[in-house]
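The next block holds one structure in the form of structure tokens; read it before the comments.
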Amino acid sequence: MLEHVLTIFVASALINNFVFSRYLGLCIFFGVTKRMETAVGMSFTFTAVMLIGAALNWLIYTYVMIPYQLGFLKIVIFIGVVAAFVQAADTIMKKVTPALYYKLGIYLALIVTNCIILAVPLINAEEHYSLLESMALALGSGLGFGLALIIMASIREKLELADIPKSFQGLPISFVLTGLIALAFLGFSGMITL
Amino acid sequence: MTKVDYWTIFKNGIFGENPVFRLALSLCPAVAVTSGVKNGFLMGVAVLFVMTMVNATVSLLRKFINPKVRIPSYMFIIATWVTVTDQVMAAYQRAVYKDMGLYIMLIVAFAIVLSRAEMFASRNKFLPSVVDGASMGLGFLLALVLLGIFREFLGKGSLWGHQILGSKPLLIMILPTGGFFAMGLMMGFLNWIDRKFFGGTGSSGGAH
């Protein structure tokens, strides 16, 4: 049991890394990796939101949607839950911990309609994971995403000094770079077979 | 009442503000499902349908939606249409759905759909909104098919599942890595064309 949970955790962080092998969260990935500081802040916020969002959605899916056979409404319900939760977190943080809010608040606003936050509960629902397995997937995916952000941010800081052809400046070169990192991550693929 | 220039809206969606290559919005599926032309095409059709219907719905309801709750309302409209698409795909395209079901569901989180609803459909009449949604969706479809052709041809030596070359020149193109390479090269190439022949600035928009 524990072994299985651990497998899901490692697999979602490294082998099925959201950015490098599932291609999710690219918008954020290219958007916030210009500076290391934002990348780190973003990875913390994402992991936290993913964990709580996955738990909330798991409870609703298991105890409300399955008994009433509302599975086909999962897209509408999951996005509603995530949006409501993020909005609530935003308001609560502003009141309770203003210091933390000024550090991470801007990221929260970006998170509401983000594909990877939504992908975690959708995958959980599809695979019929238990609560523990869902948490493992959320934590693994969040940390894996953070790892991707930090790797990319550190490379892009070096990129500032490089002499790149004009047509490739900005996004195109970032894509090629991501491809190269993805190639390295391909090496993890034989590590565990799910 | 001013006459609406449908041709300009149409051109804008496909070239001027092409969602993938120009605005660099909603990149995830553009890389994810383009390992074959067919997948790219079906994904493009799904997006085209969702964008057209969302723009139509938002435009029809724009007088009834309170501006204060407009973003949540748009999100529910989008989620509804994505659910419709998702169910139809699941019923009629089972083989493809297995591969890209997750990405179909995630159309709901596309920045491009929400941004067209907010920027265009909420301010314009029904017909221009439909044309805008359809041409943006068509621009997206074209970009996906283009990437799909590039990747499937190089990666598998085939197009739409039909063998053409009989060999696999660059297997890497259909792997996850290849998606990023293809996207980067394609963007760089289009920028180069833009700068060389049309005197444009040739820069890809910032990613959102």
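Close Cβ contacts (under 9 Å, 6 or more residues apart or on different chains) running from residues in the stretch B:65-94 that are closer than 16 Å to A:Gly71 by Cβ and more than 12 Å from chain A (Cβ to nearest Cβ) to residues that are surrounded by 16 or more Cβ atoms within 10 Å (Cβ to Cβ) and hydroxyl-bearing (Ser, Thr, Tyr) comprise B:Met89/B:Tyr97.
For the stretch A:156-174, the set of residues classified as assigned to a helix (DSSP H, G or I) and either more than 10 Å from every other protein chain (Cβ to nearest Cβ) or in contact (Cβ under 8 Å) with a residue 40 or more places away in the chain (or both) consists of A:Arg156, A:Glu157, A:Lys158, A:Leu159, A:Leu171, A:Ser174, listed by residue number. Here B:Phe49 meets each of (1) buried (at least 24 other Cβ atoms within 10 Å of the Cβ); (2) closer than 17 Å to B:Leu142 by Cβ with one exception, condition (1). Would you call B:Val58 more than 11 Å from every other protein chain (Cβ to nearest Cβ) and crowded, with 23+ Cβ neighbours inside 10 Å? Spelling it out, B:Val58 is indeed more than 11 Å from every other protein chain (Cβ to nearest Cβ) and crowded, with 23+ Cβ neighbours inside 10 Å.
With respect to (1) of a type in the set (A, V, I, L, M); (2) crowded, with 23+ Cβ neighbours inside 10 Å; (3) more than 15 Å from the chain's Cα centre (by Cα); (4) more than 14 Å from chain B (Cβ to nearest Cβ), the lone exception for A:Ala89 is condition (2). Quick check: is even one residue across the stretch A:116-128 away from chain B (no Cβ under 14 Å), more than 27 Å from B:Gly178 (Cβ to Cβ) and under 20 Å from the mean Cα position of the chain (by Cα)? Yes, that holds for at least one residue. Just one of the listed residues (B:Thr52, B:Thr34) is within 14 Å of another protein chain (Cβ to nearest Cβ) and of a type in the set (S, T, N, Q), namely B:Thr34.
Considering only residues in the stretch B:1-59 that are more than 25 Å from B:Phe181 (Cβ to Cβ) and among the basic types (Lys, Arg), the one that is nearest to the chain's Cα centre (by Cα) turns out to be B:Lys11. Filter the stretch A:129-143 for residues that are more than 17 Å from the chain's Cα centre (by Cα) and aliphatic (A, V, I, L, M) and give the result. Answer for the stretch A:129-143, where residues must be more than 17 Å from the chain's Cα centre (by Cα) and aliphatic (A, V, I, L, M): A:Leu131, A:Leu132. Residue-level check: of (1) part of a loop (DSSP other than H, G, I, E, B); (2) out of contact with any Ser or Thr (no Cβ under 7 Å at 6 or more places or on another chain), B:Pro19 misses just (2).
Against the numbered list (1) touching a residue at least 60 places away in the same chain (Cβ under 8 Å); (2) under 25 Å from A:Leu161 (Cα atoms), A:Leu6 comes up short only at (2).
Only the coordinates and a few stated rules stand behind these numbers; no lab work does. Here the structure is a predicted model, which means the values were calculated and not measured. Positions of Cβ are generated from backbone atoms using ideal geometry, with glycine treated the same way; all protein chains shown enter the neighbour counts.
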